[in-house]
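A short write-up of the structure that comes next.
Please treat every number below as a calculation from the coordinates, not as lab data. The structure presented is a predicted model; accordingly, all values stated were derived computationally and were not measured. All Cβ positions, glycine included, derive from the backbone under ideal geometry; neighbour counts span all protein chains shown.
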Amino acid sequence: MSSTAKRILIDILRHGEPEGGDILRGRVDPVLTRLGWQQMRRATALVDLDSKSTLTPNWTHIISSPLQRCRQFAEEVSQHSKTDLQVKDQWQEIDYGDWDGMLLSEWRKEAADQFEEFRKDLSKLAPPNGEDYLSFKDRVLAAWQEISELEDGSHVLLVTHGGVMRVILPTILGMPLNRSSPLIIPFACFSRVSLEVKETTLTASLQFHNAAEYESRALTI
């Protein structure tokens, strides 16, 4: 690779199952359930299907949302791998304002009109007393650009949220951000993106998506 080009790998991990049940989680800050911890530990221990051994990557950087459902697991990985952890507010979930913490059944009714408009216009999603979608999108993509400024050969573990992944992954895939529902992003979803930076040009490609779910099924075949 020439001196004007570099390659960076980013492993993006959504948090596992948090406490609280079927509620909307933006800035509310529940901890992980026991299952949530198990989901994240399994997702980040990539499995070699031939030897059944774990192949946890040697990350050079660990970046996390400050919310407990992300940060506490990132702290564990940082301590275990002796890799520095950067906790950054930019990687938080969208602030749902008055909707935050609502039962999902209630929220779907409360937000239905906004989401109907959102399918036509990104600017229409603006949670009351929260963060409008365009500001959220710009925040996430600015943080994504910062990762591209890391040194050549960096391998990043990014521990974040489902809403954040619904900005990054559709952007990479060229999907409309308000039409991303076919993209399944479950708890502990683990995806890898390769960035190639040549001078001022940034090219991103999705290497795999939701790998832990695929591998767990493959091992049972």
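Of note:
- The phi-based Karplus calculation (6.51 cos²θ - 1.76 cosθ + 1.60; θ = phi - 60°) puts the 3J(HN,Hα) values of the range 79-90 at 5, 5, 8, 6, 10, 4, 10, 10, 9, 10, 4, 4 Hz, whole numbers, x for Gly and Pro.
- A Förster distance of 45 Å, applied to the separation of the beta-carbon atoms of T4 and S181, puts the FRET efficiency at 0.70.
- DSSP loop GluC sites (Glu not before Pro) with at most 15 other Cβ within 10 Å excluded, longest remaining stretch of the chain: 20-148
- Candidates I172, I94, I62: whichever shows maximal mean-square fluctuation once the chain is modelled as a Gaussian network with Cα springs under 10 Å: I172
- The label point for L202 and the one for D98, both projected 7 Å from the Cα toward the Cβ, are 3.5 nm apart.
- Pairs of lysine residues in the chain that meet both criteria, 8 or more places apart or on different chains and Cα atoms under 27 Å apart, total 14.
- Kirkwood-based Rg to Rh ratio, the chain, C-alpha trace: 0.97
- The simple Förster model, with R0 at 22 Å and r as the Cβ-Cβ distance, assigns R119 and L173 a FRET efficiency of 0.75.
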